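Scroll down for the structure; my scribbles are underneath it.
The values are calculated or read from the model by the stated rules, or taken from the named source; none is laboratory data. Predicted model only: the values in this text are computed from it and were never measured. Please note: Cβ atoms are built from the backbone with ideal geometry, for glycine as well, and neighbour counts cover all protein chains shown.
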Amino acid sequence: MLEHCAHARFVWNLAVEQHAHWRRWRTAAPSFAEQCRQLTEARRENVWLGAGNADVQQQALGDFARAKSARFTSGFGEPTWRKKYRHEGFRVIGTDRVPEYEVDGRPKLNAKTGRQVMGRSVVVQKLNKRWAQVKVPGCGWVRFRRTRAELPDAKTFRVTFRNNQWHIAFAVIPEPIEAPGAGEVIGIDRGVRITAALSDGRKLNCPQLTVKERAKIRKHQRRAARAPKASETKTAEYAKVARLKAREANRRKDWCEKISTTLARTYDLVRFEKLNIKNMTRTAKGTQGEPGKNVAQKAGLNRAILAQGWGLLRQRTEHKAPGRVEDVPAAYTSLRCSACGWIDKNSRKSQAEFVCSFCGFTCNADTNASINVAAGQGGIPRPRRSAGAGGVTTATGRSNAREPQPAWVGILLF
C-alpha cells in the first residue's frame with residue numbers, strides 16, 4: 001500500500017508539473033483521456049511505474065482532473081504538490097460489476113442501446129461485529145475496523161496513511177436524519193471555556209488531552225530540540241508528539257460526530273452563533289515593518305479556539321440535518337438580556353456571570369447568549385438612545401446601554 005501511495009503521489013506531481021508548464025506558455029492543457037494515454041506510454045518506459053497498479057495511477061489523474069475543474073469553487077485553489085510523509089494515500093475504484101437503479105427503484109437503462117447500465121461496486125466482506133475486510137488491488141484482502149452497523153455500499157474508497165495509522169474512507173453519502181417533529185428549537189453559543197452552551201442549560205465540552213499527555217508532549221519536544229539535526233532520535237521524538245496530537249484530533253472528531261447526531265435527532269431546528277473562525281484565528285505577528293503585539297498570547301488563543309472543533313460541529317450537523325441548521329449573527333448576543341431584551345455591556349460581569357442592569361435577571365453568560373441565539377435575536381442594529389435609559393450619559397462619553405427591542409416592549413412598560 002505504501003507503493004500505491006508513492007505511485008499515486010508521483011503521477012499527481014507529474015500532472016501538476018504538466019499543468020504548470022501549459023499555464024506558463026498559455027496553451028491548452030491535455031485532457032484526462034490524453035493524460036491516461038501518456039500514462040500508458042510512461043508505464044512502458046519506466047519499470048518502477050509499470051510495476052504499480054494502473055487503476056490506482058489513473059484514479060490519481062482523475063482526482064487531479066476534478067481538483068483542477070473545482071479550483072474556483074472548492075476554496076483550495078490550484079492543485080499543489082504532494083509531499084512524502086505528508087500526503088500518503090490513494091483511491092481505488094470498485095471491481096465488481098453490479099446493475100444500477102434509479103431513485104424510484106427502476107433499472108437504469110442506456111439511452112442508446114436500451115440495456116441496463118452496469119456500475120462498479122467495492123468488494124467488502126463482514127468478518128465479525130467489529131471487523132470487515134475489503135479487497136485492495138495488489139494487496140489482497142485488508143481488514144478494517146467497522147464504524148457503522150451496515151456494510152458500506154460504495155463504488156470507490158480512499159486509503160490514507162497518517163501518523164503511522166492506516167485509514168479507509170468509503171465514498172458513501174448517508175441518508176439525512178429525519179426531524180423528530182416536536183418543533184423544538186435549540187440555540188448553541190460557542191466559546192473557549194465552554195465549547196458549546198445550549199439554550200436548555202446544558203454545557204458541552206470537547207475532550208482535550210489529559211495533564212499527563214500534555215506533559216509527555218513537552219518531554220518529547222524537549223528531547224527532539226536537544227537531539228542532533230536530522231538524527232533518528234529527533235525523528236522518533238517528533239513521531240511520538242504527532243501520535244499524541246493525532247489522539248487529540250481523533251477525540252475531537254469523535255465528539256463532534258456524536259454531538260451532531262444527537263442534535264439532529266433531538267431538535268427540529270438548530271441555530272448556531274455565526275462566527276468567522278478564519279478571521280478569529282488569524283495570526284498577529286504582522287509584518288517586518290509593522291510587527292504585531294502580543295503575538296505569543298494570540299497564538300495560544302488561536303490554538304485554544306481550533307482545539308474546540310467549532311467548524312466541524314457546525315459542518316457535521318448541517319450534513320446530518322440539511323435545511324434545519326441556521327446561523328444567527330453573533331452581534332449583541334452576549335450583551336442582550338434574554339428576559340427583557342436590554343442591551344448593556346455592563347451586564348456582562350465576567351466570563352460566566354450575567355446580571356441585567358435593567359431588570360436584574362441573573363443567568364450564566366453563555367446560557368444567556370444561547371437563549372438569544374435560539375430566539376434568533378442577533379445582529380441587532382443600534383437603536384436610538386432615550387434620556388435616562390440605561391444609565392447616565394456623561395458629557396465626555398456615551399451610554400453603553402441600548403433600549404429594549406420592539407418585540408419586548410409589552411414586557412417593559414412602566
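Points to keep in mind about this one:
- For region 337-361, residues that are assigned to a strand (DSSP E or B) and either touching a residue at least 60 places away in the same chain (Cβ under 8 Å) or buried (at least 22 other Cβ atoms within 10 Å of the Cβ) (or both) total 2.
- Residue in region 125-154 that is surrounded by the most Cβ atoms within 10 Å (Cβ to Cβ), counting only those that are more than 29 Å from A239 (Cα to Cα), at pLDDT 85 or above and among the basic types (K, R): K135
- Screening region 155-255 for strands (runs of 3 or more DSSP E) wholly inside it with 3 or more residues that are under 30 Å from Q57 (Cα atoms) and outside the structural domain of V56 (by TED's automatic domain parsing) returns the ranges 156-162, 165-170.
- Every listed requirement among (1) among the basic types (K, R); (2) surrounded by 13 or more Cβ atoms within 10 Å (Cβ to Cβ); (3) over 30 Å from P329 (Cα atoms) is met by R190 save one, (3).
- Some residue of region 317-336 being exposed (fewer than 15 other Cβ atoms within 10 Å of the Cβ), charged (D, E, K, R) and more than 28 Å from the chain's Cα centre (by Cα): no
- Cβ pairs under 7 Å, 6+ apart, first in region 39-67 and in contact (Cβ under 8 Å) with a residue 40 or more places away in the chain and over 16 Å from V159 (Cβ atoms), second hydroxyl-bearing (S, T, Y) and crowded, with 16+ Cβ neighbours inside 10 Å: none
- Subset of region 96-124 that is at pLDDT 70 or above and under 20 Å from C139 (Cα atoms) - its residue that is surrounded by the most Cβ atoms within 10 Å (Cβ to Cβ): V122
- Checking G183 against (1) at positive phi; (2) surrounded by 13 or more Cβ atoms within 10 Å (Cβ to Cβ), the condition it does not meet: (2)
- Residues of region 247-305 classified as over 19 Å from R190 (Cβ atoms) and small (G, A, S), total: 6
- Residue in region 150-173 that is at positive phi and under 20 Å from the mean Cα position of the chain (by Cα) present: yes
- Single residue of region 251-293 satisfying the filter (in contact with a Leu (Cβ under 9 Å, 6 or more places away or on another chain) and among the polar types (S, T, N, Q)) that is surrounded by the fewest Cβ atoms within 10 Å (Cβ to Cβ): T281
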